[in-house]
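Participant: There's a structure below that I have some questions on.
The values are calculated or read from the model by the stated rules, or taken from the named source; none is laboratory data. Since the model is a prediction, treat every value here as computed from it, not as a measurement. Every residue, glycine among them, receives a Cβ derived from its backbone with ideal geometry; neighbour counts consider all protein chains shown.
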Amino acid sequence: MISLKNPDQIAKMREAGRLLHEVLTKLRAQIKPGVTTADLDAYAESLIRKAGAIPSFLNYEGYPATLCTSVDDAVVHGIPNRKQVLREGQIISVDCGLILDGWQSDSAFTMGVGEISAEAAALIEITEQCFWKAARLCIAGNRLGDVGHACQEWAESHGCGVIRDLTGHGIGREMHEDPPVYNYGVPGKGLRLRKGMTIAVEPMISAGDWRVTCDPDQWCYRTRDRSLCSHYEHTLAIREDGLPEILTLPDFKWEDAE
Ligand code: MF3
Ligand code: CO
């Protein structure tokens, strides 16, 4: 069931999104060689709790941390670990969600640790572009197939793979609501977007094969061929007309986008 949000509810999600953006901005500044993924997790949890919010991933279906920290060939749901020390040249996806006053937000970015290869940097850039190609089509009246197709087209035309086993999702009072938001699709097919829908759009793009395996911890997904993978996510709200509001990028204006 899809729950449409009214303007007051979207205002609450905007506050949750603003806080999450602040948390992720502070985390970005901490990513450097020598830091452990557990350090990042502890810092994120303290920032969220200090702001009076709740880390939404912690204990979600038994998940043991505030962040997902997915390094190199890890796609998503990497569990932070005090033995995992970040090294120059790696790439890390940091995914975080929080609940503020009963409303959720969810966002992720991928960045390099110190200097990274041109190939890794290109993968991160292509993934962000996939997000923007998709987000631009999140307009009332468009269909989810249009959104997924835009992402897929951009990724595949650059020789990258679109992870199929995991998707974006509706979000609101719950982290995962209907509908699933696929990162691939057929234009003109799928659910029609409507004003008041709030969705997390989150392309997961590999430099090689799109197929994944899951680690023995039952959480961390990796590319089957162990190629690098990048992930980028924002929570957004469908408006009555025009381009969506990016709730987890508070000061963003579409006029400033490329
Ligand atoms: N951010 C993830 C998503 O977009 C959720 C993390 S799963 C959890 O769906 F179990 F870690 F919470
Ligand atoms: Co999500």
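Participant: If you check Asp178, Asp217, Asp241, Asp225, which single one turns out to be surrounded by fewer than 22 Cβ atoms within 10 Å (Cβ to Cβ) and either under 23 Å from Thr127 (Cα atoms) or without any contact (Cβ under 8 Å) to a residue 60 or more places away in the chain (or both)?
Facilitator: Unique residue meeting the criteria: Asp225.
Results for (1) away from ligand 1 (no atom under 15 Å from the Cβ); (2) part of a helix (DSSP H, G or I), shown as yes or no for each residue.
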{"position": "Phe57", "(1), (2)": "no, no"}
{"position": "Ala65", "(1), (2)": "no, no"}
{"position": "Cys68", "(1), (2)": "no, no"}
{"position": "Gly78", "(1), (2)": "no, no"}
{"position": "Asp95", "(1), (2)": "no, no"}
{"position": "Glu119", "(1), (2)": "yes, yes"}
{"position": "Ile139", "(1), (2)": "yes, no"}
{"position": "Gly148", "(1), (2)": "yes, yes"}
{"position": "Trp154", "(1), (2)": "yes, yes"}
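Participant: Something else about it: Exactly one of (1) within 16 Å of ligand 2 (Cβ to nearest atom); (2) in a loop (DSSP other than H, G, I, E, B); (3) within 23 Å of Ala237 (Cβ to Cβ) is unmet by Thr127. Its number?
Facilitator: Looking at each condition in turn, Thr127 falls short on (2).
Participant: Given the condition within 15 Å of ligand 2 (Cβ to nearest atom), modelled with pLDDT of 95 or more and not hydroxyl-bearing (Ser, Thr, Tyr), answer yes or no: does some residue in the stretch 78-94 qualify?
Facilitator: yes
Participant: Tell me, please, whether a residue that is surrounded by fewer than 13 Cβ atoms within 10 Å (Cβ to Cβ) and either over 25 Å from Ser206 (Cβ atoms) or not hydrophobic (A, V, I, L, M, F, W, C) (or both) can be found in the stretch 47-55.
Facilitator: Yes, because at least one residue in the stretch 47-55 is surrounded by fewer than 13 Cβ atoms within 10 Å (Cβ to Cβ) and either over 25 Å from Ser206 (Cβ atoms) or not hydrophobic (A, V, I, L, M, F, W, C) (or both).
Participant: Could you check how many residues of the stretch 156-182 are of a type in the set (A, V, I, L, M, F, W, C), in a loop (DSSP other than H, G, I, E, B) and either within 16 Å of ligand 1 (Cβ to nearest atom) or in contact with a Lys or Arg (Cβ under 6 Å, 6 or more places away or on another chain) (or both)?
Facilitator: Adding up the residues that qualify gives 4.
Participant: Next up: Please find, within the stretch 192-206, the residue that is surrounded by the most Cβ atoms within 10 Å (Cβ to Cβ) out of those that are in a loop (DSSP other than H, G, I, E, B) and over 11 Å from the mean Cα position of the chain (by Cα).
Facilitator: Met197
Participant: Can I ask one more? Is it the case, given these coordinates, that Gly185 is more than 16 Å from ligand 1 (Cβ to nearest atom) and either touching a residue at least 24 places away in the same chain (Cβ under 8 Å) or in a loop (DSSP other than H, G, I, E, B) (or both)?
Facilitator: Yes, satisfied.
Participant: Kindly evaluate Gln104 against the criterion of being out of contact with any Phe, Trp or Tyr (no Cβ under 8 Å at 6 or more places or on another chain), crowded, with 24+ Cβ neighbours inside 10 Å and touching a residue at least 12 places away in the same chain (Cβ under 8 Å).
Facilitator: Criteria met by Gln104.
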